[in-house]
Amino acid sequence: MTSLSFPPGFVWGAATSAYQIEGAVREDGRGPSIWDHFSHQAGTTFQGHTGDVACDHYHRYEIDVDLMAALGLQAYRFSVSWPRVQPLGQGAWNEKGLAFYDRLVDRLLAKGIAPHVTLYHWDLPQALQERGGWVVRDTAQRFAEYAERMGRRLGDRVAAIATHNEPWCTAILGHEVGKFAPGWRDPQAAVQVAHHLLLSHGLALQAMRASGVRASLGIVLNQSPATPATDGQADRAEAQRQFAAFVRWYMDPLFLKRYPTIDGRALHPVVDENDFEIMAQPLDFLGINYYTRIWASTAQPPVPAPKRQGETDMGWEIYPEGLTELLTWLHRNYRLPPVYITENGMAHPDRLVDGAVADQPRIDYVHAHLQALARAIEAGVDVRGYFYWSLLDNYEWDSGYGKRFGLVHVDYDTQVRTPKASAYWYRDFIASQRRT
Ligand code: IFM
């Protein structure tokens, strides 16, 4: 085992999201989401995979919570499927959908596992998309109503509620690159979507606080430091530009009530007078998802990232030092609330052999990132918890079931769950932390 030691009360968990694991997309009154719609269009996902069944967690949540308990997890981060609880994204609520999350939360609590809820992990009700989706300002208001309802329903029992997961992905991958739902390729729309996501976050926090929600309230951002490929002026400027677009575009409005100036960026959202005040609501916590760094090269062809510590099955460079670099930079530049690492993990081409999965590279990945995290904490960053992504192998969006991130292997034909070597390693690590 390891000599790593984290502050008392540090929380150890794992994360998932609704569309990636639940399945049961047409059951008990759930409405369609943009991911149902998108993944059913030809050519959008790996081998046409959809989340129709996924890990069938909707029916198997009890055994999944038992698995978490067996691994000694102290917290579980999951998301609520908006169209499961409000099929059209406005108007009527679906009691059967709400009751599912009641049952999940109660089972977690019965096992001593703290529920950390995310309200939006990319599955917008399709009915709202048909009215324009996130490019329309009114969607932010609809989201605030949904947040308030979920806050009242779950907020007295869950530890934390995050509004959004990774708004950059919704805005850029969904509306500029087009590889995520709703599949748009419109950079001006993307910048407006990013604005409305942050606005909806602020409105949601206001609404939940006004109705007395007791859970900690925050947001989850995906972030990476940016390294210039060379010492040249052009690469250094490019690294700053990419970092501003990826990290500061979301952090500055939340903490400094403004957007950063980015060299050469002509696109700007329409911003109403009071928007920055709304977006910059005090945060009880900030969730950060960290996987890799940005490698900035202006050469043609670009200088490739060195990948000295290898890459994951997503092709992402393994660069644990980036977690220390990122957190210490954020700590120096913003007045951060308590931070949680709400996602960190690796895809690996795991194989089940004789009932076991030997995923030593994943163990090495987590260990190295925990060392990097410990260094950031030593440097003064107030980090309160770590969630491995993901508890289960699951539906990796446009990569379908082709990429496995889980601590627990899922056989998608039989739905049998098999903890991998990394799950046992993580279990023993958590137990060792309880003793320190
Ligand atoms: O699977 C995703 C998750 O939904 C959001 N963060 C990154 C993960 C790995 O790509």
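The values are calculated or read from the model by the stated rules, or taken from the named source; none is laboratory data. The structure displayed is predicted, hence computed values, not measured ones. Please note: Cβ atoms are built from the backbone with ideal geometry, for glycine as well, and neighbour counts cover all protein chains shown. What goes into the accessible areas is simple: the full protein's heavy atoms, side chains included, and nothing from ligands, DNA or RNA. Shrake-Rupley method; radii C 1.70, N 1.55, O 1.52, S 1.80 Å.
If we keep just the residues of region 379-409 that are open to solvent by 10 Å² or more (accessible area, probe 1.4 Å) and in contact with a Pro (Cβ under 6 Å, 6 or more places away or on another chain), which is farthest from the ligand (Cβ to nearest atom)?
The qualifying residue farthest from the ligand (Cβ to nearest atom) is D382.
Can you report the number of residues in region 60-112 which are assigned to a helix (DSSP H, G or I), open to solvent by 30 Å² or more (accessible area, probe 1.4 Å), without any contact (Cβ under 8 Å) to a residue 60 or more places away in the chain and more than 17 Å from R152 (Cβ to Cβ)?
Looking only at that region, the number is 7.
Give the number of residues within region 286-298 that are open to solvent by 20 Å² or more (accessible area, probe 1.4 Å), within 16 Å of the ligand (Cβ to nearest atom) and not in a loop (DSSP other than H, G, I, E, B).
1
Which residues, taken from region 266-285, are among the hydrophobic types (A, V, I, L, M, F, W, C), in contact (Cβ under 8 Å) with a residue 60 or more places away in the chain and part of a helix (DSSP H, G or I)?
Within region 266-285, I278, M279 qualify.
Quick check on my filter: what residues within region 169-191 are farther than 14 Å from L124 by Cβ, within 18 Å of the chain's Cα centre (by Cα) and not in a helix (DSSP H, G or I)?
If the condition is that a residue be farther than 14 Å from L124 by Cβ, within 18 Å of the chain's Cα centre (by Cα) and not in a helix (DSSP H, G or I), then K179 is the only one that fits.
Please specify each residue of region 113-133 satisfying the condition of being open to solvent by 10 Å² or more (accessible area, probe 1.4 Å), outside any loop (DSSP other than H, G, I, E, B) and either among the polar types (S, T, N, Q) or without any contact (Cβ under 8 Å) to a residue 24 or more places away in the chain (or both).
Answer for region 113-133, where residues must be open to solvent by 10 Å² or more (accessible area, probe 1.4 Å), outside any loop (DSSP other than H, G, I, E, B) and either among the polar types (S, T, N, Q) or without any contact (Cβ under 8 Å) to a residue 24 or more places away in the chain (or both): Q126, Q129.
Given the criteria surrounded by 18 or more Cβ atoms within 10 Å (Cβ to Cβ), free of Cβ contacts under 8 Å to residues at least 60 places away in the same chain and at negative phi, does D263 qualify?
No; evaluated as a whole, the condition is false for this residue.
Looking at (1) in contact with a Ser or Thr (Cβ under 8 Å, 6 or more places away or on another chain); (2) open to solvent by 20 Å² or more (accessible area, probe 1.4 Å), which is the one condition that is false for H164?
So the condition that H164 fails would be (2).
Pick from Q141, Q223, Q233, Q240: which is open to solvent by 10 Å² or more (accessible area, probe 1.4 Å) and either within 24 Å of H37 (Cβ to Cβ) or touching a residue at least 40 places away in the same chain (Cβ under 8 Å) (or both)?
Step by step, each of Q141, Q223, Q233, Q240 is checked, and only Q141 is open to solvent by 10 Å² or more (accessible area, probe 1.4 Å) and either within 24 Å of H37 (Cβ to Cβ) or touching a residue at least 40 places away in the same chain (Cβ under 8 Å) (or both).
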